[in-house]
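Undergrad: Structure below; questions to follow.
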Amino acid sequence: MMPAQTVNMKRFIWRKIVGQIAKGQVKNIKAQGMGMHTVPEVVAFVQKTIQAISDFLGDKKYMMGDKLTELDCSLFGFLYFVQYAPHEGSPLYDGTGIEKHENIINYVDNILQEYFPDKDELIAEGKKDFMEFMGKESSVVKPKEILKT
């Protein structure tokens, strides 16, 4: 058994470290900007952003015209996630309104078809590799299980 002073010192150090990390994370969230807004404010911001993207895209194939650019590559990743990632019940994602913008949906789908025709196989292979890496048989990995390995 540890002496009481050692236990108290460990608790003190642990609280200091965790406290500083927590303060730093809150500070980072606020510095980034979105952490200072309510969910409805963030949803409104996302909706305005989606609308601006849709307006700029218009009826063009890619953001800058007929050729894929770095902008398209970056934007595709975000829009794909908003459009296809499972996020049922999330007020942020459910409130994006992306489904109202046919040009964005077509934009993402066209990039998928042109550059990732084997998307389903890649996703399945990636899941399999991840499960093998984690040493899990299940296709569902919970965060607590990851921390235990």
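Coordinate-derived values only; no laboratory data. Every value quoted in this text rests on a predicted model; they were computed, and no experiment measured them. FYI the Cβ positions are ideal-geometry reconstructions off the backbone, even for glycines, and counts take in every protein chain you see.
Undergrad: How high is the FRET efficiency between Ala124 and Met36 when r is their beta carbon distance and R₀ equals 41 Å, given to the nearest 0.05? Please list the in-between numbers first.
TA: Working: r = 40 Å, r/R0 = 0.97.
Working from the Cβ atoms, E equals 0.55.
Undergrad: Can you list the HN-Hα couplings for region 107-117, worked out from phi with the Karplus curve (6.51, -1.76, 1.60; θ = phi - 60°), rounded to whole Hz and with x for Gly and Pro?
TA: In residue order, the calculated couplings are 4, 5, 5, 5, 5, 4, 5, 6, 10, 9, x Hz.
Undergrad: Could you put Thr38, Thr96, Thr49 in order, starting from the residue whose Cβ has the fewest other Cβ atoms within 10 Å? Walk me through the numbers before you get to the answer.
TA: Working: Thr38 8, Thr96 20, Thr49 12.
Lowest to highest Cβ neighbour count: Thr38, Thr49, Thr96.
Undergrad: Which of the peptides 100-106, 66-72 is most tightly packed, and how do the rest follow, going by the mean number of other Cβ atoms within 10 Å of each residue?
TA: Values: 100-106: 14.9, 66-72: 12.0.
Most protected by this proxy first, the peptides run 100-106, 66-72.
Undergrad: A further question on this structure: Go through Lys67/Lys100; Lys48/Lys100; Lys67/Lys127 and tell me which ones have a Cα-Cα distance over 20 Å in this structure. Provide the component values of the computation, followed by the final result.
TA: Details: Lys67/Lys100 25 Å; Lys48/Lys100 13 Å; Lys67/Lys127 32 Å.
In this structure, Lys67/Lys100; Lys67/Lys127 exceed 20 Å between Cα atoms.
Undergrad: For Ser54, Ser90, which order do you get if you count the other beta carbons within 10 Å of each Cβ and list the fewest first? Intermediate results must be reported in sequence, preceding the final value.
TA: Details: Ser54 18, Ser90 12.
Final ranking by Cβ density, sparse to dense: Ser90, Ser54.
Undergrad: Could you put Asp120, Asp109 in order, starting from the residue whose Cβ has the fewest other Cβ atoms within 10 Å?
TA: On the way: Asp120 9, Asp109 13.
By the 10 Å Cβ count, ascending, the order reads Asp120, Asp109.
Undergrad: For region 36-102, what is the largest minus smallest coordinate of the Cα atoms on each principal axis, given in angstrom and ordered from greatest to least?
TA: Principal-axis extents of the Cα atoms in region 36-102, largest first: 37, 23, 21 Å.
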